[in-house]
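**Student:** Here it is, the structure in full.
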Amino acid sequence: KPIVLTLQTGETDIAASDVLGKIEFQAPDEGTGTDAILVAAHIAAISEGDFSASNNATKLSFATGASEAASEKMSLSSAGVLTTSSNIVMILV
C-alpha cells in the first residue's frame, strides 16, 4: 500500500493555463537577500485547455532560477512531448 501525496485544486472550472498545483523550492531566510530569497525552482501542473467531461490535458512545467525568479526551462506535454529552452546534453556511461 503506497503512500500517495495528492495536490488538489479548489477550482470548479478549469480553463487553459490554470495552475492545478505547484511545488516551490525557496530559501526565504537566506541572509544575503535579493535573488537568494526568490523562488529558486518549481514544478507545476498546468492545464493545456478547458477541462470538460472528456478533457483534462495537463502539462508538467519545470522551472529553475539563475539570478532571477524561477522560470520554465522544460515542460512535458499531455501528449508526451518534452520541450526545453536550450539544448539537451546526454552523458552516456
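The values are calculated or read from the model by the stated rules, or taken from the named source; none is laboratory data. Bear in mind the structure is a predicted one, so any value in this text is a computation, not a measurement. Don't worry about glycine lacking a Cβ; one is built from the backbone with ideal geometry, like all the others, and counts go over all protein chains shown. To get the accessible areas, we keep the full protein, side chains included, count just its heavy atoms, and leave off ligands, DNA and RNA. Shrake-Rupley method; radii C 1.70, N 1.55, O 1.52, S 1.80 Å.
**Student:** Report the label-to-label distance for Ala53 and Ser71 in nanometres (one decimal), using points 7 Å from each Cα along the Cα→Cβ vector.
**Tutor:** 4.2 nm
**Student:** Now for a different question. Measure off, as a whole percent, the carbon and sulfur share of the 1.4 Å-probe accessible area of the chain, all protein chains present.
**Tutor:** Numbers: 4010 of 7060 Å².
Its accessible area is 57 percent carbon and sulfur atoms.
**Student:** Can you put Lys22, Lys73 in order of accessible area, largest first, using a 1.4 Å probe? All intermediate terms of the calculation are to be shown ahead of the outcome.
**Tutor:** Details: Lys22 90, Lys73 65 Å².
So the residues, ranked largest to smallest area, are Lys22, Lys73.
**Student:** Hey, another quick one. Computed FRET efficiency, Cβ-Cβ of Glu30 and Met90, R0 22 Å: what is it to the nearest 0.05? Intermediate values should be presented prior to the final figure.
**Tutor:** Numbers: r = 33 Å, r/R0 = 1.49.
After rounding to 0.05, the efficiency reads 0.10.
**Student:** Further, regarding this structure: Among Ser77, Ser61, Ser52, which one moves the most in a GNM of the chain with springs linking Cα atoms closer than 10 Å?
**Tutor:** Comparing Ser77, Ser61, Ser52 in the GNM, the peak value goes to Ser52.
**Student:** Still on this model: Note down the accessible area of Asp35, probe 1.4 Å, to the nearest 10 Å².
**Tutor:** For Asp35, the solvent-accessible surface is approximately 70 Å².
**Student:** Hey, if we sort Leu5, Leu20 by accessible area with the 1.4 Å probe, largest down, what's the order? Write down the numbers at each step before the final one.
**Tutor:** On the way: Leu5 150, Leu20 40 Å².
Ranked list, largest accessible area first: Leu5, Leu20.
**Student:** Hey, what's region 31-93 come to in accessible area per residue, 1.4 Å probe, Å²?
**Tutor:** Working: 4230 Å² over 63 residues.
Heavy-atom accessible area per residue stands at 67 Å².
**Student:** Under 10 Å, Cα contacts only: if you run a Gaussian network model on the chain, which one of Ala44, Ala63, Ala15 comes out with the highest mean-square fluctuation?
**Tutor:** Ala15
**Student:** Given Cβ point charges of +1 (Lys, Arg) and -1 (Asp, Glu) and nothing else, what value in debye, to the nearest 20, does the dipole of region 19-93 about its Cα centre take?
**Tutor:** Details: 3 positive and 8 negative charges, 60 e Å.
Computed about the Cα centre, the dipole is about 280 debye.
**Student:** In addition: Taking springs between alpha-carbon atoms closer than 10 angstrom, which of Ala66, Ala40, Ala53 fluctuates most in the Gaussian network model of the chain?
**Tutor:** Ala53
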